[in-house]
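Colleague: This is the structure I want to talk about, given as structure tokens.
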Amino acid sequence: MTESYRFVLITLLAGVLMLPAVGSDAAGSAPQSAVTARQKETAASHAVVIYTLSTCPHCAEAKAYLTKQGIPFTNREVDTDDDHMAELMKIYDDMKVPNERRGVPLFVIGGKTRLQGFDKAKLEEAIKAEAGK
């Protein structure tokens, strides 16, 4: 991953949200879902991974919603972890999303289904569809 992609994504998102980028000191504060052993077994094949920015209000809303609904998820903050940013860029490359249309949150459900942006109805539908497979 080149620094220019990272700079473009963070600059674009920070500009759109009109929020400053946050340094790596926020990495420890990235919330993960509280998952019981039973939930982990049930959700293992339908895991939800969410790529976020530490400063993104839509990302915070999405994580709060998943937590409230009891949906186990893994949070990957792209502005505090270069490996997570590289993963996100690879996903967008695979999806053939142009640079100017890339943003967060991005959900990966069951390792296959990809959903950009936070829309409760679309997210629930995608999770149900993966659970039905």
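The values are calculated or read from the model by the stated rules, or taken from the named source; none is laboratory data. Just so it is clear, the model here is predicted, and its values are computed rather than measured. Cβ sites come from the backbone with ideal geometry, for glycine too, and all protein chains shown count toward neighbours.
Colleague: So, ARG101, is that one surrounded by fewer than 18 Cβ atoms within 10 Å (Cβ to Cβ), of a type in the set (D, E, K, R) and closer than 14 Å to ILE127 by Cα or not?
Modeller: When the stated conditions are applied, ARG101 does not pass them.
Colleague: So which residues in segment 114-125 are over 16 Å from LEU88 (Cα atoms) and surrounded by fewer than 18 Cβ atoms within 10 Å (Cβ to Cβ), if there are any at all?
Modeller: If the condition is that a residue be over 16 Å from LEU88 (Cα atoms) and surrounded by fewer than 18 Cβ atoms within 10 Å (Cβ to Cβ), then ASP119, LYS120, ALA121, LYS122, GLU124, GLU125 are the ones that fit.
Residue-by-condition table, conditions (1) surrounded by 13 or more Cβ atoms within 10 Å (Cβ to Cβ); (2) within 9 Å of the chain's Cα centre (by Cα); (3) modelled with pLDDT under 95:
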site	(1), (2), (3)
THR42	yes, no, yes
THR52	yes, yes, no
ILE71	yes, no, yes
GLU87	yes, no, no
PHE107	yes, yes, no
LYS112	no, no, yes
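Colleague: Return yes when VAL35 is modelled with pLDDT of 95 or more and touching a strand residue (DSSP E or B) at 6+ places or on another chain (Cβ under 9 Å) and no when it is not.
Modeller: No, not satisfied.
Colleague: Just for strands (runs of 3 or more DSSP E) wholly inside segment 51-132: which have at least 1 residues that are free of Cβ contacts under 8 Å to residues at least 24 places away in the same chain?
Modeller: Fully inside segment 51-132 and qualifying: 113-116.
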